[in-house]
Amino acid sequence: MSESVIAVTGLGAVTALGIGVDVLWAGLLEGRRPFGPVRAFDIGDCKVNLAAEVQQQLPSACSSRTANLGVAAAREALKESALLPARSRIGLVVASTGHGDRALEDALRGSAGAPLGWQSCLKSSLADELAQVLELGPRRQVINTACSSGAIAIALACDGLRARDYDLVLAVGCDELTALTYSGFNALRALDPAACRPFDRNRRGMSIGEGAGCLVLERLDDARKQHKRIRGLIVGAGLACDAHHLTAPDPEGKGAALSMQMALAQAKLPASAMGFVNAHGTGTSLNDRAEIAGIERVFGGSARECVVHSVKASTGHCMGAAGTIEAVVALLALENQRVPHTAGLENCEFDGRVDCVQSRPRAIAASYGISNSFGFGGNDASLVLARAEVAE
Amino acid sequence: MIQVSAKLPPRVVVRGGHYYQPRPTYFEDETAQQRLFDETLGKESLRRLDPLCQGALYAVEMARRECGFGAGEKTQLAAYGVCVATAFGAQSTRVRYAKRLAQLGASATNPIDFPDSIDGAVASHIAMRFGLRGPSLTFVQGPSSAEAALIASCRLIASGRAERIYLVIGDIYDPWLRRSVADSLRVTQGSHAVPEDAVLALALEAHATSACDEGQVFVTGFTGHERHRATVEADGLVRAVTPPSQASADFSGVMQIAGAWLEVCAPMGNPEGSCQDGPMNAVHDNTGYESQLLLAFRRKVTH
């Protein structure tokens, strides 16, 4: 088992709930919904004015807010992991959808013909900055598969560890709130004028957030040898594509189901072993329906007992960071044996089809859980996570 | 003949490929290429898709034709995926969207442009057109994107998570960005770096399931993320040895093609993390090194 299993030895998170994993967890259990009018920029003639922004002071080591969010999450995770290998044996896999947008916006708002700081538009500059500030080596990867980027970063980081590209790797997802992203979802009429309500009959769309999540990953044997505290395990990852539509999910949830099935296959576990599904759960009508359809495909007759929740009602949709933040939450759920409820969910559309957690957190007795991340273009990723005790 | 160790991944076959440049070289018929390009993509794609996306779709289609994948090919296959590498992504659409937002406001933006401006949209359009339901990945790490995508593709195939991956590598510059990059590089890096447009598509397959001919080019081994020295040892097995110095600035890989090692490398900043200080030769044509792979395939040569 230990050959393919990856240990998580550090967690970090920054969301609108605050800075730090403990703050995130407490906020989710309380069902907080830190949404408010957008402060980062003038929303102009956008019809909805609501987002989940990080209010706290961030590190100022980097040139972009996205990178500073990533630094804050990574520092927390690295502090926990403590013992680090040589700098050159540390990898970094970064996920972001919007890095460079602010630089582009600034350049376009500047004087005509002003040179664009084009290096800032390269997403590799995000990894370069993070590596410089965190004093990491040259092994860096940057991916952008829209909203599934964070989960895919974790999957690729695990692959790199198994191939011994590095001995320890940080999987970091980070995205700030930008006018380009905000106006894009506004143009698609995908924003809920109230805070998002995943799975609710009255849901009207998503709410955008910003933040960062970071997981420090190591091969299980290495982590054990160093007597590190293991926060959980990554035992499977599935990558798939709807191949259906650029913005709408496959209504039958085929891609979602495929990514979950592939993750379960890698983990060599049946769906029945999963204690919960940390859903992508954006709150748009089509996405939630497709995901529940996908869960039904995977869980079959036992779908009704499948515990499902979404954290986006408390963090907003943090784009490229979402997959990493939600993996952190899934690991905390396994560690604490509690699944946070979906805040704002009052009248569940899927009652009788799956077991959506509402009103209050749910106690569980589970060793495994799934975290789903789905993005534009039908880019799907699922992670199967396990509690640390499974490795013993 | 070099043996493949059980410890090494199964062989990955370079089944076919196509290298597309919007401005063909002197020995190609530009008019004929343009006509074929237009016919292949169709009016709808030409009207609204990002130029990089157009080039990628065309290159993949031509690679498929070269491989003999016809209309009768099974579609909607979970085992077929796509992996895209690009330094700037769908930048033309992104710049167009951002310009309208900055100059005319949110209500003037085109809702279709927004999802198309996301880097991952290129892979998504390829997946949609060719029914690829397997992994869909997009690497956006500047000059080293191609190596990362190549390695990830081989790993997906070698681990059995995909039977075929269309590896697509390229950049097609927005004119404004091209000018900015060229001006910047002329000042800071010397004159060798001129942004160029190109897209390379390769069809990679698992040897076990490929219907390829004997003598096909294989990727039998691959390593990545750092410069490696590859050796063929007395027992005939290939092993990659990481040199003692770990301070390499390169994000590199070596891969074995038909018995010889081809080294591909692209700088990714320097160890201190500054993108601007690193050599930028791969940015001018993000496909440069990987083109060697295609050339090796076409000419059946070894390096």
Members of the range B:80-136 that are of a type in the set (A, V, I, L, M, F, W, C), in a strand (DSSP E or B) and either touching a helix residue (DSSP H, G or I) at 6+ places or on another chain (Cβ under 6 Å) or more than 7 Å from chain A (Cβ to nearest Cβ) (or both): B:VAL82, B:CYS83, B:VAL84, B:ALA85
A:GLY184 without any contact (Cβ under 8 Å) to a residue 24 or more places away in the chain and within 9 Å of another protein chain (Cβ to nearest Cβ): yes
Hey, A:ALA127 within 9 Å of chain B (Cβ to nearest Cβ), assigned to a helix (DSSP H, G or I) and among the hydrophobic types (A, V, I, L, M, F, W, C) or not: yes
The one condition in (1) of a type in the set (Gly, Ala, Ser); (2) within 7 Å of another protein chain (Cβ to nearest Cβ); (3) closer than 20 Å to B:VAL60 by Cβ that B:SER153 fails to fulfil: (2)
Residue that is at pLDDT 95 or above and surrounded by 14 or more Cβ atoms within 10 Å (Cβ to Cβ), where the choices are A:ALA61, A:ALA40, A:ALA13: A:ALA13
Residue check for A:GLU135: of a type in the set (Asp, Glu), over 25 Å from B:CYS154 (Cβ atoms) and surrounded by fewer than 24 Cβ atoms within 10 Å (Cβ to Cβ): yes
Strands (runs of 3 or more DSSP E) wholly inside the range A:279-392 that include at least 2 residues being closer than 22 Å to A:LYS268 by Cβ: A:368-375, A:379-386
Within the range B:137-156, tally of residues that are part of a helix (DSSP H, G or I) and of a type in the set (Val, Ile, Thr): 1
Search result, residues across the range A:132-165 that are more than 8 Å from chain B (Cβ to nearest Cβ) and of a type in the set (Asp, Glu): A:GLU135
Considering residues of the range A:145-176 that are in a loop (DSSP other than H, G, I, E, B) and modelled with pLDDT of 95 or more only, the residue farthest from A:GLU291 (Cα to Cα): A:GLU176
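The values are calculated or read from the model by the stated rules, or taken from the named source; none is laboratory data. In this text the structure is predicted, and so the values were computed from the model without any measurement. Glycine also receives a Cβ, built like all others from the backbone with ideal geometry; neighbour counts cover every protein chain displayed.
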